[in-house]
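A short worksheet on the structure shown next.
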Amino acid sequence: MTGFAYPLMFLLLALPFVFRRLLPPLKGLHGDALRVPFIGDLEKISIKSGSLWNLSSAGDGGFSRLFWALYLVWFLLVFAAARPQWTGEPVRLESESRDIMLVLDISTSMLARDFTINGKRIDRLTAVKKTAADFIKKRANDRIGLILFGTRAYLQAPLTFDKGAVNDILWSMQAGMAGDSTSIGDALGLALKTLHDDKDIKNKIIVLLTDGENNDGSISLGQALRLAESEGVKTYTIGVGSPNVFLNALLGQAQGIDETALQAIAETTRGQYFRAGSTSALQQIYHVIDQMEPSRQDDRFVRETKELYYIPLLAAIAVGLAVAFAARRSE
(Lines give C-alpha, C1' and ligand atoms only; values in the text may rest on other atoms or scores of the structure.)
Protein backbone atom coordinates (compact mmCIF):
# COMPACT_ATOMS: atom_id res chain seq x y z
CA MET A 1 0.00 0.00 0.00
CA THR A 2 1.05 3.61 -0.48
CA GLY A 3 0.52 6.70 1.61
CA PHE A 4 2.07 9.94 2.70
CA ALA A 5 4.08 10.72 5.80
CA TYR A 6 2.94 14.37 5.81
CA PRO A 7 -0.40 14.59 3.95
CA LEU A 8 -1.13 18.08 5.34
CA MET A 9 1.59 19.40 3.04
CA PHE A 10 -0.98 19.30 0.21
CA LEU A 11 -2.62 22.38 1.75
CA LEU A 12 0.29 24.31 0.28
CA LEU A 13 -1.06 23.64 -3.23
CA ALA A 14 -3.49 26.53 -2.81
CA LEU A 15 -0.78 29.09 -2.00
CA PRO A 16 -0.02 30.21 -5.60
CA PHE A 17 -3.71 30.93 -6.26
CA VAL A 18 -4.09 32.74 -2.92
CA PHE A 19 -1.03 34.91 -3.55
CA ARG A 20 -2.12 35.67 -7.11
CA ARG A 21 -5.51 36.84 -5.96
CA LEU A 22 -4.50 38.71 -2.80
CA LEU A 23 -1.28 40.44 -3.81
CA PRO A 24 -1.79 43.78 -5.62
CA PRO A 25 -0.42 44.05 -9.16
CA LEU A 26 2.74 46.03 -9.76
CA LYS A 27 2.50 49.17 -11.83
CA GLY A 28 5.57 50.23 -13.70
CA LEU A 29 7.25 50.21 -17.03
CA HIS A 30 5.81 46.88 -17.87
CA GLY A 31 2.27 47.64 -16.75
CA ASP A 32 0.30 45.59 -14.26
CA ALA A 33 2.05 42.45 -13.13
CA LEU A 34 1.82 39.87 -10.38
CA ARG A 35 4.32 40.46 -7.59
CA VAL A 36 6.34 37.32 -8.20
CA PRO A 37 9.99 38.44 -8.61
CA PHE A 38 11.48 35.13 -9.65
CA ILE A 39 9.40 35.00 -12.90
CA GLY A 40 9.89 38.67 -13.77
CA ASP A 41 12.48 38.00 -16.41
CA LEU A 42 10.46 35.17 -17.92
CA GLU A 43 7.47 37.48 -18.39
CA LYS A 44 9.57 39.69 -20.68
CA ILE A 45 9.73 36.95 -23.26
CA SER A 46 8.35 38.07 -26.60
CA ILE A 47 7.42 35.25 -28.90
CA LYS A 48 5.33 34.91 -32.00
CA SER A 49 1.75 34.10 -31.23
CA GLY A 50 0.93 30.41 -31.45
CA SER A 51 4.53 29.29 -30.96
CA LEU A 52 5.07 26.01 -29.12
CA TRP A 53 7.31 27.81 -26.60
CA ASN A 54 4.98 30.75 -25.99
CA LEU A 55 4.81 30.53 -22.19
CA SER A 56 3.44 34.02 -21.69
CA SER A 57 0.30 33.50 -23.76
CA ALA A 58 -2.88 33.18 -21.76
CA GLY A 59 -4.37 29.81 -20.96
CA ASP A 60 -7.61 28.80 -19.30
CA GLY A 61 -9.09 31.21 -16.78
CA GLY A 62 -6.69 34.00 -17.63
CA PHE A 63 -3.66 32.15 -16.27
CA SER A 64 -0.62 32.11 -18.52
CA ARG A 65 1.06 28.96 -19.66
CA LEU A 66 4.06 30.08 -17.62
CA PHE A 67 1.91 30.13 -14.50
CA TRP A 68 0.71 26.59 -15.12
CA ALA A 69 4.22 25.37 -15.93
CA LEU A 70 5.56 26.83 -12.70
CA TYR A 71 2.54 25.56 -10.81
CA LEU A 72 3.32 22.05 -12.06
CA VAL A 73 6.81 22.43 -10.57
CA TRP A 74 5.24 23.63 -7.31
CA PHE A 75 2.79 20.71 -7.30
CA LEU A 76 5.61 18.19 -7.72
CA LEU A 77 7.66 19.82 -4.96
CA VAL A 78 4.70 19.73 -2.57
CA PHE A 79 4.08 16.11 -3.57
CA ALA A 80 7.70 15.27 -2.71
CA ALA A 81 7.50 17.21 0.59
CA ALA A 82 4.48 15.11 1.60
CA ARG A 83 6.85 12.11 1.45
CA PRO A 84 5.01 9.44 -0.50
CA GLN A 85 5.83 5.99 0.83
CA TRP A 86 5.24 2.38 -0.05
CA THR A 87 4.43 0.34 3.05
CA GLY A 88 4.51 -3.44 3.18
CA GLU A 89 2.43 -5.85 5.22
CA PRO A 90 2.91 -5.77 9.03
CA VAL A 91 5.40 -8.30 10.38
CA ARG A 92 5.21 -9.47 13.99
CA LEU A 93 8.39 -9.23 16.05
CA GLU A 94 8.48 -11.28 19.22
CA SER A 95 11.13 -9.86 21.53
CA GLU A 96 12.68 -12.37 23.89
CA SER A 97 15.95 -10.62 24.57
CA ARG A 98 17.20 -10.22 28.12
CA ASP A 99 19.72 -8.23 30.06
CA ILE A 100 21.82 -10.69 32.06
CA MET A 101 24.30 -9.46 34.65
CA LEU A 102 26.88 -12.03 35.73
CA VAL A 103 28.19 -11.23 39.21
CA LEU A 104 31.24 -13.38 39.97
CA ASP A 105 33.25 -13.75 43.15
CA ILE A 106 37.02 -13.56 42.47
CA SER A 107 38.26 -13.46 46.07
CA THR A 108 41.35 -15.55 46.84
CA SER A 109 39.21 -18.39 48.21
CA MET A 110 38.26 -19.12 44.59
CA LEU A 111 41.77 -20.60 44.20
CA ALA A 112 40.68 -23.68 46.19
CA ARG A 113 41.34 -26.74 44.01
CA ASP A 114 38.26 -28.83 44.74
CA PHE A 115 36.91 -29.04 41.16
CA THR A 116 37.92 -31.40 38.38
CA ILE A 117 37.71 -31.38 34.56
CA ASN A 118 38.47 -34.61 32.67
CA GLY A 119 39.93 -36.12 35.83
CA LYS A 120 42.31 -33.18 36.37
CA ARG A 121 41.98 -31.15 39.54
CA ILE A 122 41.43 -27.42 38.96
CA ASP A 123 40.59 -24.41 41.08
CA ARG A 124 37.07 -23.03 41.41
CA LEU A 125 37.78 -19.92 39.36
CA THR A 126 38.92 -21.93 36.34
CA ALA A 127 35.75 -24.03 36.53
CA VAL A 128 33.66 -20.85 36.75
CA LYS A 129 35.44 -19.35 33.73
CA LYS A 130 34.75 -22.39 31.57
CA THR A 131 31.12 -22.87 32.51
CA ALA A 132 30.30 -19.15 32.40
CA ALA A 133 31.95 -18.83 28.97
CA ASP A 134 29.80 -21.69 27.63
CA PHE A 135 26.69 -20.04 29.09
CA ILE A 136 27.51 -16.68 27.47
CA LYS A 137 27.92 -18.24 24.03
CA LYS A 138 24.42 -19.72 24.19
CA ARG A 139 22.70 -16.41 24.97
CA ALA A 140 22.89 -15.12 21.40
CA ASN A 141 19.95 -12.70 21.66
CA ASP A 142 20.78 -11.30 25.09
CA ARG A 143 23.01 -8.55 26.36
CA ILE A 144 25.55 -9.70 28.90
CA GLY A 145 27.25 -7.64 31.60
CA LEU A 146 29.99 -8.68 34.00
CA ILE A 147 30.68 -7.60 37.58
CA LEU A 148 33.67 -8.99 39.48
CA PHE A 149 33.90 -8.64 43.22
CA GLY A 150 36.06 -9.37 46.21
CA THR A 151 36.70 -6.67 48.79
CA ARG A 152 35.20 -4.25 46.25
CA ALA A 153 32.81 -4.73 43.37
CA TYR A 154 33.73 -3.53 39.87
CA LEU A 155 31.72 -3.30 36.66
CA GLN A 156 34.10 -4.93 34.19
CA ALA A 157 31.76 -5.19 31.19
CA PRO A 158 28.62 -3.06 30.77
CA LEU A 159 25.61 -4.68 29.17
CA THR A 160 26.57 -5.51 25.61
CA PHE A 161 25.84 -7.84 22.69
CA ASP A 162 29.60 -8.23 22.17
CA LYS A 163 30.00 -11.68 23.69
CA GLY A 164 33.61 -11.90 22.53
CA ALA A 165 34.62 -8.88 24.60
CA VAL A 166 32.88 -10.27 27.70
CA ASN A 167 34.61 -13.63 27.25
CA ASP A 168 37.99 -11.94 26.89
CA ILE A 169 37.47 -10.15 30.21
CA LEU A 170 36.17 -13.34 31.79
CA TRP A 171 39.26 -15.37 30.88
CA SER A 172 41.66 -12.58 31.90
CA MET A 173 40.33 -12.25 35.46
CA GLN A 174 42.48 -13.51 38.31
CA ALA A 175 41.62 -14.38 41.89
CA GLY A 176 42.46 -11.58 44.30
CA MET A 177 42.27 -8.79 41.69
CA ALA A 178 39.39 -7.21 43.61
CA GLY A 179 40.70 -8.04 47.09
CA ASP A 180 40.76 -11.03 49.40
CA SER A 181 37.45 -10.61 51.26
CA THR A 182 33.88 -10.94 49.98
CA SER A 183 31.42 -8.05 49.49
CA ILE A 184 28.27 -9.73 48.25
CA GLY A 185 26.07 -6.78 49.26
CA ASP A 186 28.16 -4.28 47.25
CA ALA A 187 28.21 -6.57 44.22
CA LEU A 188 24.47 -7.11 44.25
CA GLY A 189 23.84 -3.41 44.76
CA LEU A 190 26.07 -2.49 41.80
CA ALA A 191 24.32 -5.05 39.59
CA LEU A 192 20.89 -3.70 40.51
CA LYS A 193 22.00 -0.11 39.87
CA THR A 194 23.43 -1.01 36.46
CA LEU A 195 20.24 -2.76 35.40
CA HIS A 196 18.07 0.03 36.81
CA ASP A 197 19.89 2.67 34.76
CA ASP A 198 19.04 0.85 31.51
CA LYS A 199 15.36 1.23 30.59
CA ASP A 200 15.41 -0.44 27.15
CA ILE A 201 14.93 -4.06 28.19
CA LYS A 202 12.28 -5.19 30.67
CA ASN A 203 13.49 -8.80 31.02
CA LYS A 204 16.43 -8.60 33.41
CA ILE A 205 18.13 -11.22 35.56
CA ILE A 206 21.18 -11.46 37.78
CA VAL A 207 23.33 -14.56 38.18
CA LEU A 208 25.36 -14.17 41.39
CA LEU A 209 28.10 -16.69 42.12
CA THR A 210 30.16 -16.84 45.32
CA ASP A 211 31.99 -19.32 47.52
CA GLY A 212 31.85 -17.36 50.77
CA GLU A 213 29.76 -15.11 52.94
CA ASN A 214 29.37 -11.35 53.09
CA ASN A 215 32.25 -10.17 55.29
CA ASP A 216 33.14 -6.78 53.82
CA GLY A 217 31.75 -3.83 51.87
CA SER A 218 29.57 -0.81 52.56
CA ILE A 219 26.20 -2.47 51.84
CA SER A 220 24.97 -5.16 54.20
CA LEU A 221 23.16 -8.21 52.89
CA GLY A 222 19.97 -6.95 54.53
CA GLN A 223 20.18 -3.67 52.63
CA ALA A 224 20.98 -5.46 49.38
CA LEU A 225 18.06 -7.80 49.96
CA ARG A 226 15.62 -4.92 50.42
CA LEU A 227 17.01 -3.22 47.32
CA ALA A 228 16.65 -6.41 45.29
CA GLU A 229 13.05 -6.79 46.45
CA SER A 230 12.19 -3.20 45.48
CA GLU A 231 13.79 -3.51 42.03
CA GLY A 232 12.08 -6.82 41.30
CA VAL A 233 15.01 -8.18 39.26
CA LYS A 234 15.02 -11.97 39.29
CA THR A 235 18.26 -13.16 40.87
CA TYR A 236 19.74 -16.65 40.61
CA THR A 237 22.36 -17.36 43.26
CA ILE A 238 25.03 -20.04 43.07
CA GLY A 239 27.08 -21.26 46.00
CA VAL A 240 30.38 -22.69 44.75
CA GLY A 241 32.51 -25.16 46.68
CA SER A 242 32.58 -28.63 48.08
CA PRO A 243 30.04 -29.33 50.85
CA ASN A 244 32.75 -31.39 52.58
CA VAL A 245 33.68 -29.33 55.65
CA PHE A 246 36.84 -31.41 56.25
CA LEU A 247 38.03 -30.83 52.67
CA ASN A 248 37.34 -27.13 52.94
CA ALA A 249 39.40 -26.98 56.13
CA LEU A 250 42.29 -28.73 54.36
CA LEU A 251 42.02 -26.19 51.56
CA GLY A 252 42.33 -23.37 54.06
CA GLN A 253 38.78 -22.09 53.69
CA ALA A 254 37.70 -21.23 57.21
CA GLN A 255 34.36 -19.78 56.23
CA GLY A 256 31.68 -21.65 54.37
CA ILE A 257 28.96 -20.48 52.02
CA ASP A 258 26.21 -18.40 53.55
CA GLU A 259 23.48 -20.50 51.95
CA THR A 260 20.76 -18.94 54.08
CA ALA A 261 21.49 -15.49 52.69
CA LEU A 262 21.80 -16.73 49.12
CA GLN A 263 18.50 -18.59 49.40
CA ALA A 264 16.83 -15.48 50.81
CA ILE A 265 18.06 -13.36 47.89
CA ALA A 266 16.77 -15.90 45.36
CA GLU A 267 13.40 -16.40 47.03
CA THR A 268 12.80 -12.67 47.52
CA THR A 269 13.40 -11.97 43.83
CA ARG A 270 11.52 -15.04 42.51
CA GLY A 271 14.79 -16.63 41.46
CA GLN A 272 16.41 -19.86 42.58
CA TYR A 273 19.40 -20.92 44.65
CA PHE A 274 21.82 -23.62 43.44
CA ARG A 275 24.69 -25.38 45.15
CA ALA A 276 27.60 -26.26 42.86
CA GLY A 277 29.95 -28.73 44.50
CA SER A 278 31.56 -29.93 41.28
CA THR A 279 32.26 -28.86 37.72
CA SER A 280 29.46 -31.01 36.35
CA ALA A 281 27.02 -29.56 38.87
CA LEU A 282 28.08 -26.05 37.90
CA GLN A 283 27.59 -26.86 34.22
CA GLN A 284 24.15 -28.26 34.96
CA ILE A 285 23.18 -25.12 36.87
CA TYR A 286 24.08 -22.89 33.95
CA HIS A 287 22.18 -25.26 31.66
CA VAL A 288 19.07 -24.93 33.83
CA ILE A 289 19.33 -21.13 33.80
CA ASP A 290 19.92 -21.20 30.04
CA GLN A 291 16.70 -23.16 29.57
CA MET A 292 14.59 -20.64 31.47
CA GLU A 293 11.47 -19.66 29.58
CA PRO A 294 11.90 -15.94 28.86
CA SER A 295 9.03 -13.67 29.81
CA ARG A 296 8.10 -12.11 26.49
CA GLN A 297 7.61 -8.44 25.98
CA ASP A 298 4.58 -7.14 24.15
CA ASP A 299 4.62 -8.16 20.52
CA ARG A 300 5.68 -5.42 18.16
CA PHE A 301 4.75 -5.00 14.52
CA VAL A 302 6.97 -3.47 11.90
CA ARG A 303 6.31 -2.61 8.26
CA GLU A 304 8.86 -2.36 5.50
CA THR A 305 8.78 1.21 4.24
CA LYS A 306 10.27 2.55 1.01
CA GLU A 307 10.55 6.28 0.42
CA LEU A 308 9.26 7.48 -2.97
CA TYR A 309 9.74 11.24 -2.57
CA TYR A 310 12.64 11.24 -5.01
CA ILE A 311 10.30 10.46 -7.95
CA PRO A 312 8.24 13.71 -7.81
CA LEU A 313 11.39 15.60 -6.81
CA LEU A 314 13.23 14.48 -9.94
CA ALA A 315 10.12 15.23 -12.00
CA ALA A 316 10.02 18.77 -10.53
CA ILE A 317 13.66 19.29 -11.47
CA ALA A 318 13.00 18.01 -15.00
CA VAL A 319 9.98 20.30 -15.49
CA GLY A 320 11.90 23.25 -14.06
CA LEU A 321 14.76 22.64 -16.48
CA ALA A 322 12.26 22.37 -19.34
CA VAL A 323 10.74 25.75 -18.41
CA ALA A 324 14.20 27.32 -18.20
CA PHE A 325 15.10 25.83 -21.57
CA ALA A 326 11.88 27.20 -23.08
CA ALA A 327 12.67 30.60 -21.65
CA ARG A 328 16.11 30.62 -23.26
CA ARG A 329 14.67 29.50 -26.60
CA SER A 330 12.30 32.46 -26.41
CA GLU A 331 15.01 35.09 -26.01
Subset of the stretch 280-308, residues open to solvent by 40 Å² or more (accessible area, probe 1.4 Å), under 28 Å from the mean Cα position of the chain (by Cα) and either within 30 Å of ASP114 (Cβ to Cβ) or modelled with pLDDT of 85 or more (or both), comes to HIS287, VAL288, GLN291, LYS306, GLU307, LEU308
Exactly one of LEU155, LEU192 is part of a helix (DSSP H, G or I), among the aliphatic types (A, V, I, L, M) and at negative phi, and that one is LEU192
For the stretch 147-162 the number of residues that are open to solvent by 30 Å² or more (accessible area, probe 1.4 Å), within 23 Å of the chain's Cα centre (by Cα) and not β-branched (Val, Ile, Thr) is 5
Pairing a residue in the stretch 83-110 that is within 17 Å of THR160 (Cα to Cα) and modelled with pLDDT under 85 with any residue that is of a type in the set (Val, Ile, Thr) and outside any strand (DSSP E or B), where Cβ atoms lie under 9 Å and the two sit 6 or more apart in sequence or on different chains, gives SER95/ILE201; SER97/ILE201; ARG98/ILE201
In the set GLY185, GLY145, GLY176, the lone residue that is in contact with a helix residue (DSSP H, G or I) (Cβ under 7 Å, 6 or more places away or on another chain), outside any strand (DSSP E or B) and modelled with pLDDT of 90 or more is GLY185
Residue pairs qualifying under the 8 Å Cβ cut-off, at least six apart or on distinct chains, with the first in the stretch 244-272 being in a helix (DSSP H, G or I) and the second being at pLDDT below 85 and among the polar types (S, T, N, Q), are ASN248/SER242; ALA261/ASN214
Reported set for the stretch 165-190 where residues are open to solvent by less than 40 Å² (accessible area, probe 1.4 Å) and not aliphatic (A, V, I, L, M) is ASN167, GLY176, GLY179, SER181, THR182, SER183, GLY185, ASP186, GLY189
- Item | Flag if ILE100 is out of contact with any helix residue (DSSP H, G or I) (no Cβ under 7 Å at 6 or more places or on another chain), crowded, with 23+ Cβ neighbours inside 10 Å, closer than 16 Å to LEU195 by Cβ and not hydroxyl-bearing (Ser, Thr, Tyr) | yes
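Quick one: count up the residues across the stretch 125-153 that are closer than 22 Å to ASP290 by Cβ, of a type outside the set (Val, Ile, Thr) and in contact with a Ser or Thr (Cβ under 8 Å, 6 or more places away or on another chain).
Number of matching residues: 6.
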Filtering the stretch 66-80 down to residues that are modelled with pLDDT of 85 or more and either among the aromatic types (Phe, Trp, Tyr) or crowded, with 17+ Cβ neighbours inside 10 Å (or both) yields TRP68, ALA69, LEU70, TYR71, VAL73, TRP74, PHE75, LEU76, LEU77, VAL78, PHE79, ALA80
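Is there a residue in the stretch 200-207 that is in a helix (DSSP H, G or I), modelled with pLDDT under 90 and loosely packed, with under 15 Cβ neighbours inside 10 Å?
no
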When restricted to GLY61, GLY50, the only residue assigned to a helix (DSSP H, G or I) and at pLDDT below 75 is GLY61
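The values are calculated or read from the model by the stated rules, or taken from the named source; none is laboratory data. Owing to the predicted nature of the structure, the values given are computational and were not obtained by experimental measurement. Reconstructed Cβ throughout: ideal geometry from the backbone, glycine too, with neighbour counts over all protein chains shown. What goes into the accessible areas is simple: the full protein's heavy atoms, side chains included, and nothing from ligands, DNA or RNA. Shrake-Rupley method; radii C 1.70, N 1.55, O 1.52, S 1.80 Å.
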